[in-house]
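The values are calculated or read from the model by the stated rules, or taken from the named source; none is laboratory data. Fair warning: this is a prediction, and the values are worked out from it, not measured in the lab. Cβ coordinates were reconstructed from backbone atoms using ideal geometry, including for glycine residues, and neighbour counts include every protein chain displayed.
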Amino acid sequence: MEYLHAPWRIEYILAPKPKVDRSLFTRIAQSDDDLGNHVLARARTCFAVLNAYPYNGGHLMVVPYRQTADFNELGDQELLELLHLTRRCLNALKRTMNPDGFNLGINLGRVAGAGVEDHLHLHIVPRWNGDTNFMPVLADTSVIPEALTDVARRLRAALAADNSPPVA
């Protein structure tokens, strides 16, 4: 039998889950350590960040700066910019990783699968033909073929090269 070791997962599993007023995403939004937090791009009302515990390589999230769990609390400008930055990220992922498709989603509430339920965020998960195999189905394990720092570097460059106009 062969073993696949993913030691970075145990840090998340065993780490104490802090009880704080600010969500994980608010702390990242207010931090100036974009490289350490894997922040890919910042816009006026939201930012894009790689998922530190991805379902697939290139799994990222677009997050409003304002902490809310309620989709109805987002203003029109926040909604528009959330979708504009999502489109930019999709295009950057297409150019750098060449996926065959994407899963996009927002999980609202714990029962819907929200890991950070107090701060809504939009997931972008690149998908490739054949990426679902026995590993996630039988072993509950994903194989991520590229380091987060390398993915972040490539996506930052693609996003910086994107000449999309900012949301007015």
Ser23 versus (1) crowded, with 16+ Cβ neighbours inside 10 Å; (2) over 29 Å from Gly130 (Cβ atoms); (3) at pLDDT 85 or above: which is the lone unmet condition?
(3)
How many residues of segment 66-81 are assigned to a helix (DSSP H, G or I), without any contact (Cβ under 8 Å) to a residue 60 or more places away in the chain and under 18 Å from the mean Cα position of the chain (by Cα)? The answer is 3
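The rows are residues; the columns are (1) under 21 Å from Arg154 (Cα atoms); (2) surrounded by fewer than 19 Cβ atoms within 10 Å (Cβ to Cβ); (3) at pLDDT below 95; (4) touching a His at 6+ places or on another chain (Cβ under 9 Å).
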site	(1), (2), (3), (4)
Gly58	yes, no, yes, no
Asp76	no, yes, no, no
Leu93	yes, no, no, no
Gly105	no, yes, yes, yes
Leu108	no, yes, yes, no
Answer residue from segment 39-64, given it is within 20 Å of Ala160 (Cβ to Cβ) and part of a loop (DSSP other than H, G, I, E, B) and is farthest from the chain's Cα centre (by Cα) among those
Arg44
Is there a residue being among the hydroxyl-bearing types (Ser, Thr, Tyr), closer than 21 Å to Arg156 by Cα, within 14 Å of the chain's Cα centre (by Cα) and not in a loop (DSSP other than H, G, I, E, B) anywhere in segment 84-91?
yes
Quick one: which residue in Leu159, Leu120, Leu155 is at pLDDT 70 or above and assigned to a loop (DSSP other than H, G, I, E, B)?
Leu120
Can you tell me which residue in segment 123-142 is nearest to Ala69 (Cα to Cα), limited to those that are at pLDDT below 75 and crowded, with 18+ Cβ neighbours inside 10 Å?
Ser142
Cβ pairs under 6 Å, 6+ apart or interchain, first in segment 24-53 and at negative phi, second in a loop (DSSP other than H, G, I, E, B) and among the hydrophobic types (A, V, I, L, M, F, W, C), ordered by first then second residue, are Leu24/Val116
For Ala48, state whether it is at pLDDT 95 or above and small (Gly, Ala, Ser).
yes
